[in-house]
Amino acid sequence: MYGVTPMQSVGMPEAKIPYNVQAVLAEDLERAQSLSLSDFFNYNLGSVSLNDAQNNPLQPDVQFRGYTASPLLGLAQGLAVYQNGVRINEPLGDTVNWDLIPQSAIHGINLIGGTNPVFGLNTLGGALMIQMKDGFNTEGHSLKVSGGSFNRLVASVESGGNNGKWGYFANGYYFDEDGWRDQSESDALNFYGSIGWLGANAELNLNLQLGDSNLLGNGPIPVELLAVDRDAIFTAPDRTENDLTMLSIDGSLDITAKVKLTANAFYRENKTDSFNGDTSEFSVCEFGGADSLLDGLDNGDLEEIGFDEDDVCESQFADAEALEDFLNAAAMAMGFDGDFNVEDLTGELSGTGVLSDEAINNVSNRNQESYGTDMQLSFSNDLFKRSNQLILGVAYFAGDSRFDSVSELSNLNPTTRSTLGLGTGAFVDELETNIDTETKTLSFYLMDVIELTDRLTLTLSGRVNDTDVQLRDRSGERPELNGKHSFSRFNPAVGFTYQFNENTGIYGSYSESSRAPTPIELACNESVFDLAAAIAVAEGEDPDDVEFECRLPNAFLADPPLEEVVAKGFEAGIRGRIGSAEYHLGFFHSINEDDIIFQTTGRATGLFANVNETQRAGIESMLTGATGRLDWYLAYTYLDPTFEDDFEVLSPNHPLADDDGKISVRSGNRIPGLPEHSGKLGADFAISGNASVGFDVLYNSDQVLRGDESNQVGKLDGYVVADLRGRYRISDHIELFARVSNLFDEDYETFGVLGEDPSEVEVPLFEDFGQPLFVGPATPRAIFVGFSLKSL
């Protein structure tokens, strides 16, 4: 069963749903031989694209209709993801950890487009519903093993069965690879199990999931380094370790022939440890023969007035204040603003006190616990002698997060650009964060589906969400972090479907949905400066020393309010069948009011801010068919994601940024990271009863670079990539399969961002680099082979 997801709990067929629905079965996942769940979405689901910002196959940004579900903090999330009716977006930032969803344990997936309010918070662009296997929908035993390029090994084993009343299912999934880029090895281990009971009028399932992953995703690299070596990394490591425990129970009860109760409850804990070796913004200067650690001494600013660090950091000045006075006077004499703000942090260090300005290790721990319940009653009584289905539901979600982070000074290996094992043991205390966050949401929802005629169906729905978000500073040193915010809204929806005949139908809907700002967005936004500066003044401190940025995921700032994001959308389409082919052609349009965007203030720092309006509009189409031995599909999406307001945004690495590091965005500028055109083509051909071959072709057009919200610099080029696959069944129990990814070994990139000047990393390879453009290179040609064993 799908747990508590309204449209499935009443057994609504697709023809009665006033949104576009894309359905996936377990056999579709097996046929595709996809390298990961997100890889399957990318090639097989319409209006889906990937940004490979981390360059790890288990950490992509999945984008649907211009909205994102990503494991990365710092991205505004817009898709709700459910597993057996349990929303698995993490509480700290609504992120989705794809590495903790075992692909081999999935029974079915529904991707429903639209701002559908009944699926709760974060359903700005759509809802992804995942149904896991159990002992009643999956019987037998199987083993599947594959391996190949990059020393990748993937294995899964499962067993399921039932005696008509009791059922069980267990699945183990293992992933391990060295990665195709330098220093990029990763592994993941997941277990999913279910025990179920099925009665005449009721059913109950108890589900347990355990996950453990160790992922290295070393991110984008400078384009000049890309030209030298596509396998290379910029700085390393960027390690994420997840440890998941999730327990859920779901069930249903037929109270009468026309009244049904469906409910679930869950507990989820995910412990995440992160270690990120990155460039340092600090400088080591000598005053009076002793070294000091300085903040605010930017090499680029020094070069503008004709100096470098050697000119000012070899005991030419008594202290940081004297240096600051000199630099500001020199800048003003040359006609520049005197805006140097040099701070001596030597006294703010803990640990060994050993200084280094080569690199920094950002080390963090996030412990996220979430729990909740969802209950609904469905009534199938006729209304005015017409078929009618009514759902009344209530849901409660609570999420508690504990976030701890430290920043350690480190040396940098000039050859590997890694900080691993090179930390000095000295920690910058002002960057330390110890914070608790708490999120609680109580929701009431309803949906009524009435067949006005045999062909016309009307759907009315709505949901009220009441959310409280609280942040608490545990250190006692940063009272500006403490805060509590409340958000409440009723979101309505209305839709219809009309069936001209069994082969042709149309649909249309208008709906609204919303999401409250997440704790990390509330803690890291541009209004923080005023609050933190006011506190500094009240305490007799210099307000110029306030850090106006947030190091993600390694530091928080103060807690002023952001507005709730509200999406208002409508869509319409036609779908049906012509002969053996099924088709869909649809239009969608949504406006986000008070949308939240992330503004970069450096390579790993930034702030969240509300913008007045953004738009995602487009046309999507899909054809699927089966003719004789050939199964095929064809999909195309046109996407127009734009800012609908004039505003200024921080982007200090932009070549046209003003003196404050800002660029001007105009209404109509495209939202970065999203292709305007995307197309997908695939087919499988049965050579014989035992053998088949297939291919997938993917096209994405160019996209605006992240950090270029003003659309003033070049775009990331589009690309076409093809995959090939085949399988041979030796017997009913043994099958061999193979897949070639990136068949023609195309060099292309899926992600681009404006970053810092790479020459600021003082290693010989980068000293002549000067382009602050970073890209995420895509995987080269890869070959994987495997076998599966099945026993019924």
Radius of gyration, Dmax [region 394-496; alpha carbons; angstrom]: 24.5, 74
Simple Cβ-charge dipole of region 245-349, Lys/Arg +1 and Asp/Glu -1, about Cα centre, in debye nearest 20: 1800
Net dipole in debye of the chain [+1 Lys, Arg Cβ; -1 Asp, Glu Cβ; about Cα centre; nearest 20]: 7100
Filtered chymotrypsin sites (Phe, Trp or Tyr not before Pro), region 317-387: DSSP coil and at most 12 other beta carbons within 10 Å: Phe384
Estimated distance in nm for a label pair at Phe307 and Asn365, the labels positioned 7 Å out from Cα along Cα-to-Cβ: 4.2
FRET efficiency, Leu442 to Leu208 (Cβ-Cβ, R0 30 Å, nearest 0.05): 0.65
Inter-probe distance in nm under a simple model that places probes 7 Å from Cα toward Cβ, at Asp732 and Tyr510: 5.7
Charge dipole (debye, nearest 20) of region 163-219; +1 at Cβ of Lys and Arg, -1 at Cβ of Asp and Glu: 500
Principal axis dimensions, largest first and in whole angstrom, of the chain by Cα: 88, 56, 46
Using a Förster distance of 45 Å, the FRET efficiency for Val354-Val394 (Cβ separation, nearest 0.05): 0.20
Cα gyration tensor category, rounded, prolate or oblate, for region 52-191 with a/c compared to 1.5: oblate
The chain, accessible surface, carbon-and-sulfur percent (1.4 angstrom probe): 54
Pairs of alpha carbons in region 298-351 whose separation is greater than 13 Å (percent): 60
20 Å cut-off, amide nitrogen to a point 7 angstrom out along Arg629 Cα→Cβ, residues in region 28-60: 31-32
Share of Cα-Cα pairs in region 214-353 lying beyond 23 Å, as whole percent: 64
Cβ-based charge dipole, the chain, positive-most Cα from Leu253, Val312, Leu481: Leu253
Per residue accessible area of the chain, 1.4 Å probe, in Å²: 38
Dipole of the chain, positive direction: furthest Cα of Ser292, Leu456, Val704, with charges on the beta-carbon: Leu456
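The values are calculated or read from the model by the stated rules, or taken from the named source; none is laboratory data. Since this is a predicted model, take the numbers as computed values, not measurements. Cβ coordinates were reconstructed from backbone atoms using ideal geometry, including for glycine residues, and neighbour counts include every protein chain displayed. What goes into the accessible areas is simple: the full protein's heavy atoms, side chains included, and nothing from ligands, DNA or RNA. Shrake-Rupley method; radii C 1.70, N 1.55, O 1.52, S 1.80 Å.
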